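What follows is one structure encoded as structure tokens, with my remarks underneath.
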Amino acid sequence: MKIMKFGGTSVGTPDRMKSIVPLITGEESVVVVLSALSGTTNSLIGISELIYAGKTEEAVSKNEALRSLYRQVVSDLYSTEAFKKEGNELIDSHFDYIGEFIAKAFTKLHEKAIVARGELLSTALFHNLLREKGIGSVLLPALNFMRIDKDGEPDAFYIAENFKRELAACSDENIIITQGFICRNAYGEIDNLKRGGSDFTASLIGAAINASEIQIWTDINGFHNNDPRFVQNTKVIREISFDEAAELAYFGAKILHPSSVNPAREKNIPVRLKNTLNPQDEGTLITSNTFFEDYKAVAAKDGISVIRIKSDRMLMAYGFIRKVFEIFEAYKTPVDMVTTSEVSVSITVDNPQYLKQIEIDLRELGSVEVEHDQSIICVVGDFRTERTGSAPEIFEALDTIQLKMISYGASDHSLSILIDSKDKVQALNLLNQYLFNR
Ligand code: ASP
Ligand code: MG
């Protein structure tokens with residue numbers, strides 16, 4: 001059985017939705033995981049923010065605007081009056097539901113219940129499209145089997161047990177449709193796997209049933225060797241290992257949610273990135289095979305802050321770094337890059353939420369400097385320490401760029417460099433020229 005996950009742009013318009021039908025019907029048996037229509041999750045968050053702010057009228061009008069957008073979708077998606085009518089009833093049930101929250105006490109839980117409408121709508125609309133076409137399929141509610149634990153991590157055991165039970169109940173269907181992204185939390189409330197989490201759903205359920213392949217369908221041919229938004233002449237990478245894919249996804253390649261690599265890697269299930277707009281293209285295949293190449297790809301991650309801690313007490317001391325990291329741990333803030341000298345440590349984080357408190361606590365240990373608007377450039381390639389001569393090409397390329405931190409030696413697959421975000425586009429282009437076009 002295969003998993004095929006389609007992202008927001010792949011189901012973003014009635015035509016796009018129709019165009020994925022032949023892709024899934026060619027399969028023997030498949031679980032189709034859908035995101036919300038592109039833009040919907042953002043709009044639902046926008047409505048929630050207006051409700052928080054007590055802006056009742058604006059919340060109502062934004063909700064109604066979204067309702068009419070979906071009315072248009074329904075009118076273009078179905079050809080029969082009966083399905084159009086059913087589609088409009090479906091839409092009304094969801095937008096009336098959202099309307100119920102407006103002008104009342106509002107919490108994060110309510111917001112999550114609202115945001116879940118996106119995937120509930122896309123999957124129900126798509127299921128009805130298949131019904132109208134007479135194609136057998138079943139819609140399995142993700143809320144019956146997707147679950148996170150008290151720490152917000154997916155409960156793999158629960159997911160596997162419950163998904164397999166649900167699947168067994170519809171074993172004569174070849175097409176199973178379910179929602180990406182949404183889940184229940186440890187208390188049974190509606191929750192989600194965070195932004196972009198539909199890929200994670202696909203990987204988790206793929207691992208749960210030992211799928212033959214997990215396909216992630218987007219609107220680009222696969223991983224590119226550089227960021228196509230900022231660099232021209234980028235090329236598609238045809239094969240890449242789980243480790244390399246994880247680095248690329250984590251350090252900025254928007255095509256794949258970084259957490260989604262793990263479940264597939266653990267069960268050794270190939271992941272294929274495919275393009276709905278160009279389905280003939282083979283895409284990128286991610287497997288456990290590693291074949292080293294000097295340079296495979298470059299990616300950049302923005303929104304990084306760097307914290308520099310300097311202390312004379314660190315001189316010949318042990319336990320200092322532990323104290324520093326304990327502070328980040330206390331605020332549940334993961335760190336990305338770390339460099340140390342005898343008396344100072346530099347650490348980068350991508351989540352500034354608790355940075356002020358972290359800074360105050362760190363001052364107990366030494367002087368602290370914080371700088372925002374930084375980017376991490378990650379070069380994926382052959383960085384095994386036995387190899388010589390790779391770094392000079394990178395540093396030659398970046399000769400004119402201020403390098404703030406360098407992380408080399410931690411991974412066989414990558415080297416990361418911290419720079420000012422304002423230099424990012426130039427750095428990506430220089431690396432493209434020096435590493436891939438010489
Ligand atoms: N719809 C959700 C989002 O926009 C989940 C996803 O598309 O992966 O973040
Ligand atoms: Mg995505």
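Below are the figures for this structure:
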quantity: Of all residues in the range 206-230 being part of a strand (DSSP E or B) and within 11 Å of ligand 2 (Cβ to nearest atom), the one that is surrounded by the fewest Cβ atoms within 10 Å (Cβ to Cβ); calculated: THR218
quantity: Among (1) assigned to a helix (DSSP H, G or I); (2) crowded, with 21+ Cβ neighbours inside 10 Å, the one test that ILE360 misses; calculated: (2)
quantity: The range 336-350, residues that are loosely packed, with under 15 Cβ neighbours inside 10 Å, modelled with pLDDT of 90 or more and in a loop (DSSP other than H, G, I, E, B); calculated: none
quantity: The range 256-282: number of residues that are more than 24 Å from ALA156 (Cβ to Cβ), within 16 Å of ligand 2 (Cβ to nearest atom) and surrounded by fewer than 23 Cβ atoms within 10 Å (Cβ to Cβ); calculated: 3
quantity: All positions within the range 163-199 that are under 20 Å from LYS2 (Cβ atoms) and of a type in the set (S, T, N, Q); calculated: SER171, ASN174, THR178, GLN179, SER198
quantity: Test: residue in the range 193-205 that is out of contact with any Phe, Trp or Tyr (no Cβ under 8 Å at 6 or more places or on another chain), modelled with pLDDT of 95 or more, of a type in the set (Ser, Thr, Tyr) and surrounded by fewer than 19 Cβ atoms within 10 Å (Cβ to Cβ); calculated: no
quantity: Evaluation of LEU77 against (1) farther than 20 Å from LEU34 by Cα; (2) touching a residue at least 60 places away in the same chain (Cβ under 8 Å) (one fails), failing number; calculated: (1)
quantity: Members of the range 2-49 found to be surrounded by fewer than 20 Cβ atoms within 10 Å (Cβ to Cβ), modelled with pLDDT of 95 or more, more than 16 Å from ligand 2 (Cβ to nearest atom) and not acidic (Asp, Glu), listed by number; calculated: LYS2, THR13, PRO14, LYS18, SER19, VAL21, PRO22, LEU23, SER43, GLY46
quantity: So SER29, is it over 22 Å from GLY222 (Cα atoms), more than 16 Å from ligand 1 (Cβ to nearest atom) and among the small types (Gly, Ala, Ser); calculated: yes
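The values are calculated or read from the model by the stated rules, or taken from the named source; none is laboratory data. It should be emphasised that the depicted structure is a prediction, and the values quoted were computed from it without experimental measurement. Cβ: placed from backbone, ideal geometry, glycine included. Neighbour counts: every protein chain shown.
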